[in-house]
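First up is the structure itself, then whatever we jot down about it.
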């Protein structure tokens, strides 16, 4: 079983739609959760970081963590064509510095 | 806004040659990392570096890899004898705190 699982998509939505991106994980040692956005052939760009279960909001983005279900989500409201990218979930264990990434979900927002 | 920079953006080398990838982390950051992404695959951790020593490394980071902080601003990854399977995008990252790791644009390494 993979430590972090993420549906690679592709996911295609119309402009203005609410997008839901998800990851599951198997190891309860993961305590810190991040979402990165990666445009084609570029480096990952940090979008959101969360620690505890619950929601964290930043503009059009909301990150949600449910540690009991080992499930994290990223919601994008009022999606824009410029949101078209690959979205990577990443997580870190309490002990250690490495981030473990999901495979990424490719999102296209159509005008 | 401060950012991580990497050079070169592209590197082509022959199998068995040594390559050095260069990174300039964000200036007040204390933790430095290398990750790689083979085409079509997930981003994988290689090594983290703190206080002038390796703090964690993955099983990928074997004896052919080394890292160095030769001065106060640069952070390098050396691959001693490149193999075909080393072809990948290599990302440098830095952080002030362990969670908020900021990535550079990457160096695309092609081993022929």
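The numbers here are math on the coordinates, done by the rules we state, and not lab data. Note that the structure is a prediction, hence the values are computed from the model and not measured. Note: ideal-geometry Cβ built from the backbone for every residue, glycine included; neighbour counts use all protein chains shown.
Compute the Cα gyration tensor for segment A:17-101, then decide on rounded, prolate or oblate, letting a ≥ b ≥ c be the square roots of its eigenvalues: rounded whenever a/c is under 1.5, prolate when a/b is larger than b/c in the other cases, and oblate in all that remain. Here segment A:17-101 falls in the oblate category. Here each label is just a point 7 Å from Cα along the line to Cβ, and for residue B:15 and residue A:18 those points are 5.3 nm apart.
Please list, in order, the residues from segment A:37-56 whose amide nitrogen is less than 17 Å from a point placed 7 Å along the Cα→Cβ vector of residue A:68. It comes to A:52-55, nothing else. To the nearest Å, what is the center-to-center distance of segment A:21-35 and segment B:11-47, using C-alpha atoms only? Between the Cα centres of segment A:21-35 and segment B:11-47 lies a distance of 24 Å.
Between residue B:81 and residue A:42, the simple spin-label model (points 7 angstrom out along Cα→Cβ) gives 3.9 nm.
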